[in-house]
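Worksheet: one structure, shown below.
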Amino acid sequence: EQRRAADIIRLLMLYRPLLDAFVIDFFTDGLWAQLPPAWQLALASATPVQLAGLLRGRGGPGAAWPLSLLAFAAAARALAFPRGCPGRAPRPPCQSSHLHPLLRRHIKPKKQHEIQRLGKLLQRLSQATGCERVVDIGAGQGHLSRFLAFGLGLSVTAVESDGRLVGLAERFDQELLLELGKMKDLGHKRPPLHPLTPRAPQHVAGRLDPAAPWGEFLLPPNPPRPGPAARNPLGGLGGSEDGEQLLVTGLHACGDLSPALLCHFARSPAVAAMTLVGCCYMKLSTAPQPPGCLLGYPLSTSVAALPGHQLSYRAREAACHALEEYEGRLRRDSPHLRAHCYRAVLESLIRTADPAKRHLGLQPGRKAHALSFPQYAHLGLPLAGLDPAEVPLDSGAVGAMLEQQHKVVAFCTLGQLLAPAVETLILLDRLLYLREQGFHCALVPLFNPRFSPRNLVLVAARTPLATVLAGLGKDSKDGDSS
């Protein structure tokens, strides 16, 4: 693991200009000219299908890549963690047959897939550790907590910082309890395929204080809720209030919430094991932290000691990739691919009109690919405080940039090649941090990456995990492939 981290850092240092480049600067910063001449020649004539082959190492009809480009792509793929993918042909997410119909309400198919798979893993951890209490941090509307409590019979406390989401989660719980009562009154003769337990989760409105010990880790929610402050469900450093150990989980714990959970796990004997799925790596803290307060990246002393381990905002943003989705767009030559070129041309027009305006974070609409460029520009320029009537949209220069869409797509593909390696480095840092503390841990590709790009789940425990992980292969064959 330490060797892989060092090798990834060496790779990223070699291609740092490519990694740190923003695609919207393609024209303003002349990004294409910064590529090696042999790469430019090959990529300029490559079809989207050939680019998809380069991205995933599956070849492409008629592709003749320079050896240096092949070596770059092979190294990036070899150093990234395998993300896994069910063997069956992929299909769009659908309603999960592995969840009770009442637990599918208000939940999109992608989320159904995630809570069913993560819930089963937590059930295995519960059986292995003897812990039946789970604390779900960042619970949102309580979908995972509801499945753990009603579907698997676990005792669940759901902690959420947004008081409005807490109220919504409690309402959904009451709706489910009401439906269960109706089913009982009707006296159904045939038991359901996935029987539910009338055991609702307990919801706590509070924010995690990353620097505090477990005994003081809750801060008031945002917005604050009326009534007395919520009690910490985990108790003090000596354990939970009744001395019982717990499991902790965080599904898509954003930014610094993920490392905060890892640090709290390391400090608290009350937590026997945890599962963590991170997201929004660009929101991680990277500045030096006060003594005794570990947050963000890097967490481990192993990675922190490696020269060049620093990751820019752009690199961490790239790690929030959807590699499989992008590959699919390339193979279909999807109209969505033109959105990158549109935004790069718009950036060039904005910078020409006002050089002080740069990287404004404009979002002219999710269906930009369905618009002509003038339509797109008429939506985007006002967001930058510019009048479309004063910007030439039909000039020869604009036309020349739009004709380079294939080059913009090729440049994006190179960034996609590096993205999994960046995510692997961030996850390796977390894994090494836990190992340095003496804990047992593993990274499991639990979700189908075509629908859940953040599919690697970090599992950590104070005891060996062999029993828990041994059965996951069978679960992945029998589990929900939606």
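The values are calculated or read from the model by the stated rules, or taken from the named source; none is laboratory data. Computed from a predicted structure; not experimentally measured. FYI the Cβ positions are ideal-geometry reconstructions off the backbone, even for glycines, and counts take in every protein chain you see. We work out accessible area using only protein heavy atoms, side chains counted, and drop any ligands, DNA or RNA first. Shrake-Rupley method; radii C 1.70, N 1.55, O 1.52, S 1.80 Å.
Considering each of Pro37, Pro66 in turn, give the residue that is in contact with a helix residue (DSSP H, G or I) (Cβ under 8 Å, 6 or more places away or on another chain) and either open to solvent by 50 Å² or more (accessible area, probe 1.4 Å) or not acidic (Asp, Glu) (or both).
Values: Pro37 fails: in contact with a helix residue (DSSP H, G or I) (Cβ under 8 Å, 6 or more places away or on another chain).
Testing whether each residue is in contact with a helix residue (DSSP H, G or I) (Cβ under 8 Å, 6 or more places away or on another chain) and either open to solvent by 50 Å² or more (accessible area, probe 1.4 Å) or not acidic (Asp, Glu) (or both) leaves just Pro66.
Look at the stretch 113-125: where a residue is under 16 Å from Ile137 (Cβ atoms) and a partner is open to solvent by 20 Å² or more (accessible area, probe 1.4 Å) and among the aliphatic types (A, V, I, L, M), sitting 6+ places away or on another chain with Cβ atoms under 7 Å, you get Gly119/Leu152. Given the options Arg366, Arg358, name the one that is outside any helix (DSSP H, G or I), in contact with a Lys or Arg (Cβ under 7 Å, 6 or more places away or on another chain) and not assigned by the TED database to the domain that holds Tyr313. So the residue among Arg366, Arg358 that is outside any helix (DSSP H, G or I), in contact with a Lys or Arg (Cβ under 7 Å, 6 or more places away or on another chain) and not assigned by the TED database to the domain that holds Tyr313 is Arg358.
Output the residues belonging to the stretch 98-123 that are farther than 13 Å from Gly151 by Cα and in a loop (DSSP other than H, G, I, E, B). First the steps, then the outcome.
Keep residues of the stretch 98-123 that are farther than 13 Å from Gly151 by Cα, which gives 105-111, 113-114, 121.
Across the stretch 98-123, the qualifying residues are Arg105, His106, Ile107, Lys108.
From the set of residues in the stretch 305-362 that are under 30 Å from Pro82 (Cβ atoms) and basic (Lys, Arg), which is surrounded by the most Cβ atoms within 10 Å (Cβ to Cβ)? Across the stretch 305-362, the extreme among qualifying residues is Arg316. Checked against (1) at pLDDT below 90; (2) farther than 27 Å from Ala272 by Cβ; (3) out of contact with any strand residue (DSSP E or B) (no Cβ under 9 Å at 6 or more places or on another chain), Gly163 passes all but condition (3).
The residues listed here are Val391, Val409; of these, the one that is at pLDDT below 95, of a type in the set (Val, Ile, Thr) and closer than 19 Å to Ile24 by Cβ is Val391.
Would you pick out the residues in the stretch 398-411 that are open to solvent by 20 Å² or more (accessible area, probe 1.4 Å) and within 35 Å of the chain's Cα centre (by Cα)? If you could, list the steps in order and put the result at the bottom.
The first filter runs over the stretch 398-411 and keeps only residues open to solvent by 20 Å² or more (accessible area, probe 1.4 Å), leaving 399-407.
Listed by number, the residues that qualify are Met401, Leu402, Glu403, Gln404, Gln405, His406, Lys407.
Leu257 meets the conditions (1) among the aliphatic types (A, V, I, L, M); (2) under 18 Å from the mean Cα position of the chain (by Cα); (3) open to solvent by 20 Å² or more (accessible area, probe 1.4 Å); (4) more than 17 Å from Asp209 (Cα to Cα) in every case but one. The failed one is (4). I'd like to check something: does the stretch 390-397 contain any residue that is within 14 Å of Arg338 (Cα to Cα) and surrounded by fewer than 17 Cβ atoms within 10 Å (Cβ to Cβ)? The answer is no, given that none of the residues of the stretch 390-397 is within 14 Å of Arg338 (Cα to Cα) and surrounded by fewer than 17 Cβ atoms within 10 Å (Cβ to Cβ). Just one of the listed residues (Leu148, Leu125, Leu154, Leu121) is in the same structural domain as Pro195 (by the TED database) and out of contact with any Leu (no Cβ under 6 Å at 6 or more places or on another chain), namely Leu121.
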